[in-house]
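A short write-up of the structure that comes next.
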Amino acid sequence: MVLVYVGWLVGLTGLAFFIRSTYELKKKGRSLKGKSFLLTSVLVDNGIYAIIRHPEYLGSMLLVLGSILISQHWLTLVLGVPVLLWFFVYVLPTEDRHLIEKFGDDYKRYMQTVPGLNFVVGIMQLKKHKKEGG
């Protein structure tokens with residue numbers, strides 16, 4: 001039963017990351033009129049994007065993990081684990097390469113200061129940066 005509660009917590013956290021990242025991209029990404037909000041014309045590096053580079057992917061991954069923990073069914077595990085691995089092995093590196101091509105050195109600097117998925121490290125780094133007056 002504990003795993004079910006943990007699963008709900010993980011899943012709801014994932015949903016929060018996903019919703020927040022969508023909101024911030026729509027608000028700050030300056031996508032061209034009539035185009036998807038995902039096709040930003042500026043590098044969004046504030047808000048949740050100052051904590052982690054890929055909050056929408058983290059949200060999706062946490063939703064998958066939450067589903068595995070809630071259902072506790074072998075089929076969810078068999079389907080969910082490859083999806084999680086696909087994010088780590090293919091989606092995240094591909095997205096970083098694409099954004100380097102799109103935003104160049106600005107994105108490379110962003111990658112050096114903001115972790116891809118580790119929001120705990122991202123929060124600590126952001127607090128340290130603010131404390132130092134940056």
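Structure above, values below:
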{"read-out": "Looking only at region 84-126, and only at residues there that are of a type in the set (Val, Ile, Thr) and without any contact (Cβ under 8 Å) to a residue 40 or more places away in the chain, the one that is nearest to residue 20 (Cα to Cα)", "value": "120"}
{"read-out": "Residues that are under 13 Å from residue 123 (Cα atoms), in contact with a Ser or Thr (Cβ under 7 Å, 6 or more places away or on another chain) and among the polar types (S, T, N, Q), drawn from region 41-56", "value": "none"}
{"read-out": "Any pair with Cβ under 8 angstrom, 6 or more apart, that starts in region 54-83 at a residue that is in contact (Cβ under 8 Å) with a residue 60 or more places away in the chain and ends at one that is among the β-branched types (Val, Ile, Thr) and surrounded by fewer than 19 Cβ atoms within 10 Å (Cβ to Cβ)", "value": "57/91; 67/76; 68/76; 68/81; 69/4; 69/6; 70/4; 72/4"}
{"read-out": "Criterion violated by residue 8 - all others in (1) buried (at least 17 other Cβ atoms within 10 Å of the Cβ); (2) in contact with a Leu (Cβ under 9 Å, 6 or more places away or on another chain) satisfied", "value": "(1)"}
{"read-out": "Boolean, residue 103 is aromatic (Phe, Trp, Tyr), surrounded by 14 or more Cβ atoms within 10 Å (Cβ to Cβ) and over 19 Å from residue 42 (Cα atoms)", "value": "no"}
{"read-out": "Matching residues in region 31-74 - criterion: being small (Gly, Ala, Ser) and surrounded by 15 or more Cβ atoms within 10 Å (Cβ to Cβ)", "value": "31, 47, 50, 59, 60, 66, 67, 71"}
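Laboratory data are not the source of any read-out in this text; all were calculated from the coordinates shown. Just so it is clear, the model here is predicted, and its values are computed rather than measured. Neighbour counts run over all protein chains shown; Cβ positions are idealised from the backbone, glycine included.
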